[in-house]
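Worksheet for the structure shown next.
The values are calculated or read from the model by the stated rules, or taken from the named source; none is laboratory data. Values in this document were obtained by computation on a predicted structure and should not be read as measured data. Glycine also receives a Cβ, built like all others from the backbone with ideal geometry; neighbour counts cover every protein chain displayed.
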Amino acid sequence: MTLPPIIVTAHVVSEDLEFFNALRRRHFPAERNFLDAHITMFHHLPGRYLEEIKDIATDVLSQSQPFVAEVAGVRHLGSGVAFQIASGILTELRAALKNKLGAWPGPQDQQKFQPHITIQNKVARSKADKLFFELRESYQPRSILITGIDLWSYLNGPWRHEAFIASAIANRPDFQIADTV
């Protein structure tokens, strides 16, 4: 039996996602909008290794703490629009996970990591252009708080949540949120 692939996303606190979810509800094609706003870190890991992926993620996140990332601008995707996310910490976290995951990440995950939150996808270029210019004009910098990662099974459209793995250092008494991106 083939198990569905695993997707890994950064866990952004829900109140920081409200703005992006509202935009998705307005601009993402309703028949394709199965998900809340998210930052994908890995698009396709083999489902048969779910338990090992959880163990690896727990190990990597045991050395991390929640951190603030910056919403750095608006990005045109061709057939959609996204907000760019800037965070050296997020990039380092992904690199540490990728290193431990070995050959499991698929071809899309071998490309350069460009974190973003998609607001619109799979629409006509003219519709994407209109939203891109509208969002670029009204863009205001904002920060988001990332507190760990989520693992999901891809179900040919919808995703099933498999695990939330928190940044472990948040449980220490001397914990402070990293405010550097």
Screening Ala22, Ala30 for residues that are out of contact with any Phe, Trp or Tyr (no Cβ under 7 Å at 6 or more places or on another chain) and at pLDDT below 95 leaves only Ala30
Given the conditions (1) more than 15 Å from the chain's Cα centre (by Cα); (2) part of a helix (DSSP H, G or I), and given that Leu97 satisfies all but one, which numbered condition is not satisfied?
(1)
Inter-residue pairs, beta-carbon under 7 Å, first among the charged types (D, E, K, R) and in the range 108-122, second not in a strand (DSSP E or B), 6+ apart
Lys122/Pro29; Lys122/Arg32; Lys122/Ser79; Lys122/Gly80
When you check Arg125 against the structure, is it of a type in the set (Lys, Arg), touching a Ser or Thr at 6+ places or on another chain (Cβ under 9 Å), surrounded by fewer than 18 Cβ atoms within 10 Å (Cβ to Cβ) and more than 22 Å from Phe42 (Cβ to Cβ), yes or no?
yes
Would you be able to tell me the number of residues in the range 1-18 that are within 12 Å of the chain's Cα centre (by Cα) and either without any contact (Cβ under 8 Å) to a residue 12 or more places away in the chain or surrounded by fewer than 16 Cβ atoms within 10 Å (Cβ to Cβ) (or both)?
1
Being more than 30 Å from Leu131 (Cα to Cα) and not in a helix (DSSP H, G or I) narrows it down to one of Leu35, Leu3, so name that one.
Leu3
Scan of the range 51-74 for residues that are surrounded by fewer than 17 Cβ atoms within 10 Å (Cβ to Cβ) and under 23 Å from Gln110 (Cα atoms), ordered by number:
Glu51, Glu52, Lys54, Asp55, Thr58, Asp59
Whether any residue in the range 144-160 is β-branched (Val, Ile, Thr) and farther than 16 Å from Leu17 by Cβ is what I want to check.
no
Determine if the range 109-126 includes at least one residue that is more than 28 Å from His27 (Cα to Cα) and hydrophobic (A, V, I, L, M, F, W, C).
no
If you go through Glu134, Glu92, Glu70, Glu51, the only one that is modelled with pLDDT of 95 or more and assigned to a strand (DSSP E or B) is Glu70
Hey, Ile85 hits all of (1) in contact with a helix residue (DSSP H, G or I) (Cβ under 6 Å, 6 or more places away or on another chain); (2) under 26 Å from Ala124 (Cα atoms) but one; which does it fall short on?
(1)
Could you tell me which of the residues Asn33, Asn21 is surrounded by fewer than 20 Cβ atoms within 10 Å (Cβ to Cβ), touching an Asp or Glu at 6+ places or on another chain (Cβ under 6 Å) and free of Cβ contacts under 8 Å to residues at least 24 places away in the same chain?
Asn21
Qualifying residue in the range 75-86 (condition: part of a helix (DSSP H, G or I), crowded, with 18+ Cβ neighbours inside 10 Å and over 14 Å from the mean Cα position of the chain (by Cα))
no
